[in-house]
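So the structure is just underneath, and the comments pick up after that.
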Amino acid sequence: MWRNGSKNILKAIAGFIDLSFVLQYLVTPILFLTSFQAAQAAVTPVVDATYSAESHEFTITAEPVVSAEFTLAYTTTEGVTQGFTGNGQADDNNVFQGTGIAGTESNDVYTYDEVAKGTLDLTATLEGGEEYKYSSAFTIENGTLVLESASETNEPTWTDNGDGSFTWEKVELNQTLVAPQNDKVTVTFTSLPEESGSITIREITLTDEQVAELGALTTTAYDITSTMEDGSFTYDLTLPNPAPEKEVEVKFSEDGNTFEDASGEEKRDDVVTITGLDHFTVFVVTNATPADSSAFCVSKATSTSNCFNSIQDAINAASNGDTIRIENGTYTLSSTIQVNKEVKLIGESRGSVIIDASG
């Protein structure tokens with residue numbers, strides 16, 4: 001039977017302050033606090049757990065932390081699994097302490113369990129807001145709890161902002177960050193300012209008009225922002241290449257509306273790599289064929305207000321003087337193409353645009 005920590009005892013350890021010590025350092029309080037906080041931030045929390053065979057009480061401590069929550073699961077000597085959870089704030093000394101009883105309660109009377117082994121999982125919030133995770137198995141040997149095979153999973157991770165974007169709080173040099181939305185979107189910093197910052201990656205959807213105007217190969221673009229000032233860093237970027245068989249290029253936009261060509265892209269099968277970038281913005285992979293805002297296209301994969309699945313539909317929508325770009329593929333005609341206006345039909349590549357009139 002699992003129990004919530006609200007029914008368990010959460011203990012606080014109160015410390016005594018030597019007034020003469022406080023007065024001694026009162027003349028330099030800011031420097032003292034700054035140094036103390038910096039030391040705290042560099043300290044990895046110490047997690048411990050004890051068990052009293054007499055009272056059947058577990059005690060879990062973690063320090064230095066701001067708050068913590070834990071789950072303790074145990075197996076009795078009879079093979080029954082039980083457990084409890086707890087959470088709370090640390091005391092003034094940054095010590096968190098929680099307790100729980102091995103047993104079940106009924107009308108304030110406990111039926112105690114004989115514990116054989118179990119696991120402890122604890123998540124703590126540190127002074128700087130970082131999250132610290134701890135997990136360990138334990139056994140009860142001669143009435144004493146012995147922690148073993150502790151695992152600390154505290155590598156930095158992406159934070160889900162809840163709006164489709166993810167943030168990495170503190171980037172590092174030569175660190176490759178893989179976007180949670182798509183593992184082919186990566187950022188690798190090749191230079192950083194003295195104080196690095198965070199980056200946020202958001203997946204956005206282009207409008208049909210933007211897809212047609214840009215010659216975009218997908219409706220997905222990536223908006224990357226940072227707390228660092230543009231020009232204070234350099235990085236390499238990879239983006240998914242939705243058309244490995246085509247010549248592609250990357251365009252970027254500062255405002256999400258006007259797009260420019262990005263330089264330095266390298267096509268590598270299913271990814272496109274852009275090196276030496278020094279600012280973040282909106283990026284999208286496009287067809288390398290220059291886009292024309294007045295052009296129409298024919299595509300086997302895309303259907304938008306300016307791009308059609310059949311050549312006849314594109315001709316019908318076009319006006320005199322328009323250009324119709326036909327992407328690679330086989331287009332089967334169900335009837336004769338009627339061209340009753342002055343338009344240009346341009347295939348993407350020789351030998352890869354096939355008009356099949358047998359249908």
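The values are calculated or read from the model by the stated rules, or taken from the named source; none is laboratory data. Since the structure is predicted, the reported quantities are computational estimates derived from the model, not experimental observations. Note: ideal-geometry Cβ built from the backbone for every residue, glycine included; neighbour counts use all protein chains shown.
Can you work out which of the residues in the stretch 116-129 that are touching a residue at least 60 places away in the same chain (Cβ under 8 Å) and outside any strand (DSSP E or B) is farthest from E54 (Cα to Cα)? Show your work before the answer.
The initial filter retains those residues of the stretch 116-129 that are touching a residue at least 60 places away in the same chain (Cβ under 8 Å), namely 120, 122, 124-128.
Narrowing further to those that are outside any strand (DSSP E or B): 126-128.
Values: L126: 33, E127: 36, G128: 39 Å.
So the residue we want is G128.
Considering every residue within the stretch 190-197, establish whether at least one is within 18 Å of P242 (Cα to Cα) and surrounded by 17 or more Cβ atoms within 10 Å (Cβ to Cβ). Quick ask: steps written out before the conclusion?
Step one: list which residues in the stretch 190-197 are within 18 Å of P242 (Cα to Cα), which gives none.
No: the stretch 190-197 contains no residue that is within 18 Å of P242 (Cα to Cα) and surrounded by 17 or more Cβ atoms within 10 Å (Cβ to Cβ).
Given the criteria under 25 Å from S196 (Cα atoms) and modelled with pLDDT under 75, does D255 qualify? Before the answer, list the steps.
Details: under 25 Å from S196 (Cα atoms): yes; modelled with pLDDT under 75: yes.
In short, yes.
Among the residues that make up the stretch 158-168, is at least one of them assigned to a loop (DSSP other than H, G, I, E, B), within 29 Å of A62 (Cα to Cα) and aromatic (F, W, Y)?
Of the residues in the stretch 158-168, the ones assigned to a loop (DSSP other than H, G, I, E, B) are 158, 161-164.
Next cut, within 29 Å of A62 (Cα to Cα) only: 158, 161.
Pick out the ones that are also aromatic (F, W, Y) and you get 158.
Checking the stretch 158-168: at least one residue is assigned to a loop (DSSP other than H, G, I, E, B), within 29 Å of A62 (Cα to Cα) and aromatic (F, W, Y).
Which of the following residues is part of a strand (DSSP E or B), over 30 Å from A102 (Cα atoms) and outside the structural domain of S55 (by TED's automatic domain parsing): T200, T218? Walk me through how you get there before you give the answer.
Details: T218 fails: part of a strand (DSSP E or B).
Among T200, T218, only T200 is part of a strand (DSSP E or B), over 30 Å from A102 (Cα atoms) and outside the structural domain of S55 (by TED's automatic domain parsing).
Please find, among A179, A216, the residue that is within 22 Å of the chain's Cα centre (by Cα) and surrounded by 14 or more Cβ atoms within 10 Å (Cβ to Cβ).
A179
Tell me which of these S136 doesn't satisfy, since it passes every other one: (1) touching a Phe, Trp or Tyr at 6+ places or on another chain (Cβ under 7 Å); (2) assigned to a strand (DSSP E or B); (3) in contact (Cβ under 8 Å) with a residue 40 or more places away in the chain.
Just one mismatch for S136, condition (1).
Looking only at the stretch 219-240, which residues are touching a Ser or Thr at 6+ places or on another chain (Cβ under 6 Å) and surrounded by fewer than 20 Cβ atoms within 10 Å (Cβ to Cβ)?
The answer is T219, T225, T227, T234, D236.
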